[in-house]
1. The conditions are (1) without any contact (Cβ under 8 Å) to a residue 24 or more places away in the chain; (2) within 14 Å of chain A (Cβ to nearest Cβ); (3) surrounded by fewer than 17 Cβ atoms within 10 Å (Cβ to Cβ), and B:VAL77 fails exactly one of them. Which is it?
2. What number of residues in segment A:22-65 are at pLDDT 95 or above, within 19 Å of A:ILE87 (Cβ to Cβ) and aromatic (Phe, Trp, Tyr)?
3. Go through A:LEU130, A:LEU117, A:LEU106 for me and flag whichever is facing another protein chain (nearest Cβ under 8 Å) and outside any helix (DSSP H, G or I).
4. So which residues in segment B:43-73 are at the interface with chain A (Cβ under 9 Å from one of its Cβ atoms) and crowded, with 22+ Cβ neighbours inside 10 Å, if there are any at all?
5. Right, A:PHE97: over 28 Å from B:HIS22 (Cα atoms), more than 14 Å from chain B (Cβ to nearest Cβ) and either surrounded by 14 or more Cβ atoms within 10 Å (Cβ to Cβ) or among the aromatic types (Phe, Trp, Tyr) (or both) or not?
6. Would you check if A:GLY142 is surrounded by 20 or more Cβ atoms within 10 Å (Cβ to Cβ), small (Gly, Ala, Ser) and more than 10 Å from every other protein chain (Cβ to nearest Cβ)?
7. Within segment B:50-86, how many residues are in contact with a helix residue (DSSP H, G or I) (Cβ under 7 Å, 6 or more places away or on another chain) and farther than 19 Å from B:GLY122 by Cβ?
8. Pick out the one residue from A:GLY72, A:GLY77 that is surrounded by fewer than 16 Cβ atoms within 10 Å (Cβ to Cβ), more than 16 Å from A:ALA146 (Cα to Cα) and more than 10 Å from every other protein chain (Cβ to nearest Cβ).
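The values are calculated or read from the model by the stated rules, or taken from the named source; none is laboratory data. The structure presented is a predicted model; accordingly, all values stated were derived computationally and were not measured. Reconstructed Cβ throughout: ideal geometry from the backbone, glycine too, with neighbour counts over all protein chains shown.
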Amino acid sequence: MGTDPILGREGKCGQVQCPISPRIAPGSGSGAAGAVIRLERVFTVFTIVLYAVTAVLTVWSIVDTIRNRPAGKMLLGVAALLLLLLIVQLVVSIVAFSSTHDVDPLLFFGYVITAILVMALAGFWAFAELSRWGPGVLAAAGLTVAVMIERMDQIWL
Amino acid sequence: MALRNAHPSPSPAKRSPYSAMHTGPGRALTAVYGIFALSATARAGYQVIREFDVAPVAYSLSLVAAVIYIVATICLVIGSRASHRIAIASCIVEFVGVIAVGILSFTHPEDFAKPSVWSTFGIGYGFIPLVLPLIGLWWLSRVGRSVRAGQQERSA
């Protein structure tokens, strides 16, 4: 999968717009359009998954903070899962970036990369704390990432 | 849990008592400062690179805010006597900045066509920028008091 050339980016096409690229193929029919719609549906599902994991992390962290528990392995696991999903989001959006229009890459990837940094650093920071404030850190990070996912969603559309 | 015990923290004698700045509630405070440092830097960076001419005053102030958040975060993470003082100073600057920019955004709305982190007292960030320096000052003075109490105990 990784070695496959991206459509329209084959070596011989170079900087010249490749005629087989789905973006410029004139009226190549429902095939490309259908693929784009399917892709959008996958993105929507992925965004919902991102929201769900963020919500679980945030609520769980707040509950643990209130119950005066340190961050357990399970909670840190959810934080790691969210970090992984954000990295997947980064990779997928890099691959799919050419299919979208009018998205400022600096703005969009600024959010994705900031969210990844926030989640990674918060994970380590929470791991180092053995009091209720470990989950407290993750709650703050979860709320921040939720807002960032919303912004990413707005920017992409 | 075994992993946590595998690398214990340095011996308490070697650690500055000011490291209490970033433990307990200070851990969450440091995290919130870190989040603000990251997001304010990212946002100010974007604004300055892409559309600085639209609202140069607001965007310069965003950049100033980002730098202050970075300084405060680093000071909290270091947790030494000197960093305790710099952190207090940056919290005061931060609070004055939020108030000043908040007032300016009402008196000179033409300079704030686009929002900065601190405009309208940090409304875009749920007024957290207004509350954060106060919580920071409260926490830092608490740590300072407990460190001084500890020193008196040892010398007595």
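1. Looking at each condition in turn, B:VAL77 falls short on (1).
2. 1
3. On the way: A:LEU117 fails: outside any helix (DSSP H, G or I); A:LEU106 fails: outside any helix (DSSP H, G or I).
Step by step, each of A:LEU130, A:LEU117, A:LEU106 is checked, and only A:LEU130 is facing another protein chain (nearest Cβ under 8 Å) and outside any helix (DSSP H, G or I).
4. First, pick out the residues of segment B:43-73 that are at the interface with chain A (Cβ under 9 Å from one of its Cβ atoms): B:43, B:45-46, B:49-50.
The answer is B:ARG43, and nothing else.
5. Values: over 28 Å from B:HIS22 (Cα atoms): yes; more than 14 Å from chain B (Cβ to nearest Cβ): yes; either surrounded by 14 or more Cβ atoms within 10 Å (Cβ to Cβ) or among the aromatic types (Phe, Trp, Tyr) (or both): yes.
Against the criterion (over 28 Å from B:HIS22 (Cα atoms), more than 14 Å from chain B (Cβ to nearest Cβ) and either surrounded by 14 or more Cβ atoms within 10 Å (Cβ to Cβ) or among the aromatic types (Phe, Trp, Tyr) (or both)), A:PHE97 qualifies.
6. On the way: surrounded by 20 or more Cβ atoms within 10 Å (Cβ to Cβ): yes; small (Gly, Ala, Ser): yes; more than 10 Å from every other protein chain (Cβ to nearest Cβ): yes.
So A:GLY142 fits the description; yes.
7. Matching residues across segment B:50-86 total 11.
8. Details: A:GLY72 fails: more than 10 Å from every other protein chain (Cβ to nearest Cβ).
That would be A:GLY77, the only listed residue that is surrounded by fewer than 16 Cβ atoms within 10 Å (Cβ to Cβ), more than 16 Å from A:ALA146 (Cα to Cα) and more than 10 Å from every other protein chain (Cβ to nearest Cβ).
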